[in-house]
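Take a look at the structure set out below.
The values are calculated or read from the model by the stated rules, or taken from the named source; none is laboratory data. As the structure is a prediction and not an experimental result, all values here were calculated from the model. Here Cβ is always computed from backbone atoms with ideal geometry, including for glycine, and neighbour counts include all displayed protein chains.
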Amino acid sequence: MLGAVGVGSLDELVRVPDAVALREPLVLTPALSELEIAERFRRHADRTTAPGYTSFLGAGAYRHYVPPVVGALAMRGEFLTSYTPYQAEVSQGYLQAIYEWQTYIALLTALDVANASVYDGATALAEGAIMAVNATGRKAILVSAAIHPNYRAVLRTYAEGLELDVDELPYGADGRTDWTGLDDALASGKYAAVAVQSPNFFGAIDAFPAGVGAKISAAKSVPIAVVAEALSLAALAAPGSWGAEICVGEAQSFGNAVAFGGPHVGFIAATTAHLRRIPGRLVGKSVDAEGRTAYVLTLQAREQHIRRERATSNICTNQAHCALCATIYLAAMGKTGLRDCAALNVARTQELRAKTSALPGFAARFEGATFNEFVLRVPGRADEVLSALEARGILGGLDLGRFYPDLEDCILMTATELTTSADVDRLVTTLSEIPVRAAAHA
Amino acid sequence: MPQLTPETPLIFETGQDGRANRYLPAGPALEELLPRAALREELPLPDNSELDVVRHFTRLSQKTFGIDTNFYPLGSCTMKYNPRINDAMANLPALRDLHPFTPDHAAQGALAVMWELERALAALFGMAAFSLNPAAGAHAELAALLIAKAYFRARGETERTVVIVPDTAHGTNPASAAMVGFTVLSLPSDASGRVDPAELKKVVGPTTAVCMMTNPNTLGLFEPRIHEVTDVVHEAGGLMYYDGANANALMGNTRPGDMGFDLMHLNLHKTFSIPHGGGGAGAGPVGVAAHLVDYLPTPIVRASDADGREVAASGWQESAELTFALDFERPQTIGPMRSFWSNFAHMVRALAYCYANGAEGLTRVSQLAVLNANYLRVHLREVIDIPYDEINRHEFVASAQSLKRETGVRALDIGKALLDHGYHAPTVYFPLIVPECLMIEPTETESKETLDGFIAAFREIVAQAKRDPQALFDAPVTTPVGRVDETRAARQPDLRWRPSTR
């Protein structure tokens, strides 16, 4: 092959000017066989002790049961090793799967259209905010303080680039968004969007109260719903039914592992009025020359490879395979499985809440209905309680003091269908044994 | 085997009540758990038996080309073989089921994976440090431009808002620049397809923020005067950004850091053998030179030794004796780019790929990628125009311009005809500066036999263009559907199934 190319050696073929040539040999890990690679990762895995623990962590990443059929189908090489379906004729299968994903998300959110996915829930919020900015020409976003702190942080990162202001509505004594300041905020005419998360970061069902969504729309601002736990869509009133024009969120719960933070899969759904501002890929149904049903990437005039600096977003690669896993999961679970799963999540969380908050000195921090997580107030500092639990093999949840200084005695606790009564009882017993009282007086 | 039926009913059209699978115990009634006003009235989704689900998605997979089924020379996308050991490691339960909010000391192995990969990337590409946070290449570009913006603000140079992008650049470059409020200046390449430092010198100045380049560029050509280019930009006070989409061309041979780049990203799903998955998930670490480390997106993995002393970041190092922590408290950071820390499962895959190859193997990867691309070029130039016919790197560009003049057959038609021959089409109509462009990237994992088969198919298609161009306008004919009516798709958008109203 070198002869055909007309060079004498590989070194000659790849030669670069001396000014930029490698000055010293590259030092990296020595090359390993597969067996040695597996041994090396087993050592990494053995240094990760958490999987043996009983976990009540959630907060935007949820452990759920995934039927083995999801992995068996999604890991087929045709799906796994294809790329963005630019060549529709040899990508009909994947294109149809994305069309089905778009349909599932539209049906679950009760909105008109959904895109082929974005990176995750946080970037979905940022992209949703950009849609609203482009729709309104306004340069500020109003968000509930009960939106996931990481989502708000990412929104602020993006806002630095776009020079947007991000303001917050506080949460009230019930752990829901306090809408008292809304009228004044809308009257200012400065907000492109008003965003609320439901279930919110505290687990509380926090949909726009009756009339609020319409009020936001009437003020020419865009009401945005954030859903960080997509499973809730199987049970709770859909964002489209309570006034959201755009719904952004995270669908990791549908058949994707928590995987220490990724890849997960974000989604954006919207009313038809916002269709041409949706970022990322969209798959449409059309026909071929013989009139056969055919799917194809469409409305690409919005995208970066056509519009370059005038594109609605710079998204190129999205989370197609995670969306595929979600689509297979949704198909396999069906409405019956999803409703059962959602109900089990609510029931297990109610059991967790009832048993932990009955302990002396402990209490649910907020009243009211939640989906699969809630806030437990502990007698003392949350971080110390969690450390004590961890020493006994339990990941008790998330220390809310990390994000909310006024909640440093609060833990966000999550239960899913994988949480057993035995897990809850073990937690309760352990909580009753650890010396929290000392911490309370510290 | 009978021909696959072109149409597969939608999953929404096949389900029936009573076909639910029993994955979970029956749940209590939601109405008994939550106030009715909080609940949705109906959930209009189908119940399909598991067998129907299996057949449905198996059939869909059979109507999809992947690297596993077909040669996939899609230029700029680096469609190399994805070793299965990578997936097996990512699926180890201790890593797959690890929650991102797990306390550091219970997640040491996962942090070790991130740290080792970060060290390997820094060594390979000559950067002081990487953040593994961004989710894809374009996302990392955005992060890098936010870093540049923060850097200039800290220096009081807020007038630096112009991003210079050569006309060969990827479309994400200008789109990312627009997302940080920078304006884009497109720089024409010279007759040899390169950036001319003298021309660049005329456009840089006190408003120059960043010059975004890839090397080799999207024509597959190495920019031999790259160090002069970076000098010009640095002398004007700007930063150089390296688009790592083409990094598969240069591992072990030259490094962006040594070329003078200040910022860069990598597409781990290209160079590091992570499956593309039908368009993601990808992974896009962002790397920086020493003067920009403080601005990297959070979190960063920090390492300390047995005595608790922080381990300075320098070169590759094994992780077994070290202790790790996620660092979120970085005062000058641009902040986080996404919900959690990284596309971690992909970090596992990329590190497995580094383990499998080592320094010598990765060097060989790039050499063979360049050899395969040149082998294709010298054979295809006998039948189609190669506008820049010289030693290229991992990819090269052909043009169907004269064939079109002669026969009416365009780059698009060649791509469609290749599908009938069992090859995925190259990237077509990019880069924009070459008319009727076909951008071809074979990667190092293809055998000579596969390349020879592709060359033969290409010859046959060009011969057919001269003999019977209509056959190519009609291609493909062996695929489940023929060319799709894209105008109809765009004019009457049908983006979802709707339940029939009863």
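Looking at residue A:36, is it more than 7 Å from chain B (Cβ to nearest Cβ), loosely packed, with under 15 Cβ neighbours inside 10 Å and modelled with pLDDT of 95 or more?
Against the criterion (more than 7 Å from chain B (Cβ to nearest Cβ), loosely packed, with under 15 Cβ neighbours inside 10 Å and modelled with pLDDT of 95 or more), residue A:36 qualifies.
Just to check your reading of the model, which residue among B:383, B:370 is touching a helix residue (DSSP H, G or I) at 6+ places or on another chain (Cβ under 8 Å), facing chain A (nearest Cβ under 7 Å) and among the β-branched types (Val, Ile, Thr)?
Checking each option against the conditions leaves just B:370.
Name the residue, out of B:142, B:146, B:98, that is under 30 Å from residue B:330 (Cα atoms), in a loop (DSSP other than H, G, I, E, B), aliphatic (A, V, I, L, M) and within 7 Å of chain A (Cβ to nearest Cβ).
B:98
Yes/no matrix, rows are residues, columns are (1) out of contact with any Leu (no Cβ under 9 Å at 6 or more places or on another chain); (2) closer than 17 Å to residue B:135 by Cβ; (3) at the interface with chain A (Cβ under 10 Å from one of its Cβ atoms):
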position	(1), (2), (3)
B:294	yes, no, no
B:306	no, no, no
B:322	yes, no, no
B:335	no, yes, yes
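Can residue B:118 be described as more than 30 Å from residue B:440 (Cβ to Cβ) and more than 8 Å from chain A (Cβ to nearest Cβ)?
yes
Which number in (1) assigned to a loop (DSSP other than H, G, I, E, B); (2) on the phi < 0 side of the Ramachandran plot; (3) within 24 Å of the chain's Cα centre (by Cα) marks the one condition that residue A:290 misses?
(3)
Looking only at residues in the range A:122-168 that are under 20 Å from the mean Cα position of the chain (by Cα) and polar (S, T, N, Q), which one is farthest from residue B:143 (Cα to Cα)?
A:144
Restricting attention to the range B:436-451, and to residues there that are surrounded by fewer than 22 Cβ atoms within 10 Å (Cβ to Cβ), in contact (Cβ under 8 Å) with a residue 60 or more places away in the chain and of a type outside the set (Lys, Arg), which single residue is nearest to residue B:377 (Cα to Cα)?
B:451
Which residues, taken from the range A:87-116, are of a type in the set (S, T, N, Q) and within 7 Å of chain B (Cβ to nearest Cβ)?
Within the range A:87-116, A:87, A:91, A:92, A:96, A:102, A:103 meet the criteria.
Taking the range B:138-150 on its own, how many of its residues are farther than 13 Å from residue A:118 by Cβ and either of a type in the set (Asp, Glu) or modelled with pLDDT under 95 (or both)?
1
State whether the residues of the range A:252-266 include one that is crowded, with 24+ Cβ neighbours inside 10 Å, part of a strand (DSSP E or B) and either within 8 Å of chain B (Cβ to nearest Cβ) or not hydroxyl-bearing (Ser, Thr, Tyr) (or both).
Within the range A:252-266, one or more residues are crowded, with 24+ Cβ neighbours inside 10 Å, part of a strand (DSSP E or B) and either within 8 Å of chain B (Cβ to nearest Cβ) or not hydroxyl-bearing (Ser, Thr, Tyr) (or both).
Between a first residue in the range A:127-147 that is outside the structural domain of residue A:406 (by TED's automatic domain parsing) and a second residue that is at pLDDT below 95 and polar (S, T, N, Q), which pairs have beta carbons less than 8 Å apart while being 6 or more apart in sequence or on different chains?
From residues that are outside the structural domain of residue A:406 (by TED's automatic domain parsing), the pairs are A:127/A:313; A:130/A:312; A:130/A:313; A:131/A:312; A:134/A:312.
Sort out which residues of the range A:39-71 are more than 7 Å from chain B (Cβ to nearest Cβ) and either of a type in the set (Gly, Ala, Ser) or under 19 Å from residue A:255 (Cβ atoms) (or both), and write them in order of number.
A:52, A:58, A:62, A:64, A:66, A:68, A:70, A:71
Write out, first by first residue and then by second, each pair whose Cβ atoms fall under 7 Å of each other, whose residues are 6+ apart or on separate chains, and whose first residue, in the range B:453-466, is modelled with pLDDT of 95 or more while the second is aromatic (Phe, Trp, Tyr) and not in a helix (DSSP H, G or I).
From the range B:453-466, the pairs are B:454/B:71; B:454/B:423; B:457/B:423.
Select from the range B:158-168 the residues that are more than 15 Å from residue A:310 (Cβ to Cβ) and surrounded by 24 or more Cβ atoms within 10 Å (Cβ to Cβ) and write down the one among them that is farthest from the chain's Cα centre (by Cα).
Out of the qualifying residues, it is B:164.
To keep it simple, each residue is scored yes or no on (1) at the interface with another protein chain (Cβ under 7 Å from one of its Cβ atoms); (2) farther than 30 Å from residue B:476 by Cβ.
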| residue | (1), (2) |
| --- | --- |
| B:356 | yes, yes |
| B:359 | yes, yes |
| B:376 | no, no |
| B:390 | no, yes |
| B:394 | no, no |
| B:400 | no, no |
| B:421 | no, no |
| B:426 | no, no |
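Considering only the range B:481-499, I want to know if a residue exists there that is in the same structural domain as residue B:367 (by TED's automatic domain parsing), buried (at least 23 other Cβ atoms within 10 Å of the Cβ) and touching a His at 6+ places or on another chain (Cβ under 7 Å).
no
In the range A:314-339, what residues are hydroxyl-bearing (Ser, Thr, Tyr), crowded, with 24+ Cβ neighbours inside 10 Å and within 7 Å of chain B (Cβ to nearest Cβ)?
A:317 - this is the single residue of the range A:314-339 that is hydroxyl-bearing (Ser, Thr, Tyr), crowded, with 24+ Cβ neighbours inside 10 Å and within 7 Å of chain B (Cβ to nearest Cβ).
So is residue B:271 within 19 Å of residue B:359 (Cα to Cα), modelled with pLDDT of 95 or more and touching a Ser or Thr at 6+ places or on another chain (Cβ under 9 Å) or not?
yes
Every residue in the range B:121-136 that is facing chain A (nearest Cβ under 8 Å) and buried (at least 23 other Cβ atoms within 10 Å of the Cβ), please.
Passing the criteria: B:124, B:135, B:136.
Could you check the range A:423-442 and list, in sequence order, the residues that are at pLDDT 50 or above, aliphatic (A, V, I, L, M) and within 14 Å of residue A:379 (Cβ to Cβ)?
Within the range A:423-442, A:431, A:434, A:436 qualify.
Could we say that residue A:136 is more than 7 Å from chain B (Cβ to nearest Cβ), touching a Ser or Thr at 6+ places or on another chain (Cβ under 8 Å) and surrounded by fewer than 21 Cβ atoms within 10 Å (Cβ to Cβ) here?
It is true that residue A:136 is more than 7 Å from chain B (Cβ to nearest Cβ), touching a Ser or Thr at 6+ places or on another chain (Cβ under 8 Å) and surrounded by fewer than 21 Cβ atoms within 10 Å (Cβ to Cβ).
Which residue out of B:356, B:369, B:398, B:411 is touching a Ser or Thr at 6+ places or on another chain (Cβ under 7 Å) and at pLDDT 95 or above?
Selected residue: B:369, the only one of B:356, B:369, B:398, B:411 that is touching a Ser or Thr at 6+ places or on another chain (Cβ under 7 Å) and at pLDDT 95 or above.
Is it the case, given these coordinates, that residue B:469 is more than 28 Å from the chain's Cα centre (by Cα) and modelled with pLDDT of 95 or more?
Taking the combined requirement at face value, the residue satisfies it.
One line per residue, one yes/no per condition, for (1) under 30 Å from residue B:104 (Cα atoms); (2) in contact with an Asp or Glu (Cβ under 7 Å, 6 or more places away or on another chain); (3) of a type in the set (A, V, I, L, M); (4) at pLDDT below 95:
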| residue | (1), (2), (3), (4) |
| --- | --- |
| A:14 | no, no, yes, no |
| A:27 | yes, no, yes, yes |
| A:31 | yes, yes, yes, no |
| A:42 | yes, no, no, no |
| A:50 | yes, no, yes, yes |
| A:56 | yes, no, no, no |
| A:63 | yes, yes, no, no |
| A:107 | no, no, yes, no |
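Taking into account only those residues within the range B:40-57 that are surrounded by fewer than 24 Cβ atoms within 10 Å (Cβ to Cβ) and either hydrophobic (A, V, I, L, M, F, W, C) or in the same structural domain as residue B:455 (by TED's automatic domain parsing) (or both), which is nearest to residue B:397 (Cα to Cα)?
In this case the residue turns out to be B:54.
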